[in-house]
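J.: This is the structure I want to talk about, given as structure tokens.
Since every read-out is calculated from the coordinates, none of them should be taken as a lab result. Small disclaimer: the values here were computed from a predicted structure and weren't measured.
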Amino acid sequence: MPDTYRIRYASRRVAKEIMDLPPEIFSRIDKVIMRLRKDPRPPGCRKLHSQAIGQYRLRVGDWRVIYDVDDVANEVILLRIMHRRQIYRQR
């Protein structure tokens with residue numbers, strides 16, 4: 001496994017979702033995302049059954065970070081960052 005993975009947003013929408021978070025939530029989620037650079041599959045992450053949503057999910061309180069891991073390109077691709085009530089609804 002490489003030393004660090006690069007964090008990449010899948011779309012502008014994901015970047016907007018994270019920038020629109022309340023400051024205290026943003027801070028917590030940003031710390032979790034930065035930790036994904038060292039370990040893209042940390043304890044507590046769950047592999048999702050539906051690959052249509054993404055490969056992995058992380059809980060940050062009531063918020064969810066949905067992401068894919070590309071081990072060949074050494075990237076963590078952030079797909080969605082939303083409150084748990086909204087995250088699993090169809091796009």
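J.: ³J(HN,Hα) across the range 49-57 via Karplus (A = 6.51, B = -1.76, C = 1.60, θ = phi - 60°), whole Hz, x for Gly/Pro?
T.: 6, 8, 5, 5, 7, x, 7, 9, 9
J.: Please give the length that would be gained between Arg59 and Glu24 if that part of the chain were fully extended, namely 0.36 nm times their separation in residues minus their C-alpha to C-alpha distance (nm, one decimal).
T.: 11.1 nm
J.: Now, a different point. Please list, or write none, the lysines whose alpha carbon is within less than 18 Å of the alpha carbon of Lys16, excluding same-chain residues fewer than 8 places away.
T.: Lys31
J.: Here's a follow-up. For the chain, just the Cα atoms, rotate onto the principal axes and tell me the three extents in Å, largest first.
T.: 33, 28, 26
J.: On to the next question. Semi-axes of the equivalent ellipsoid for the range 6-49, please: Cα gyration tensor eigenvalues, times 5, square-rooted, ordered largest first, whole Å.
T.: With the √(5λ) rule applied to the range 6-49, the semi-axes are 19, 14, 11 Å.
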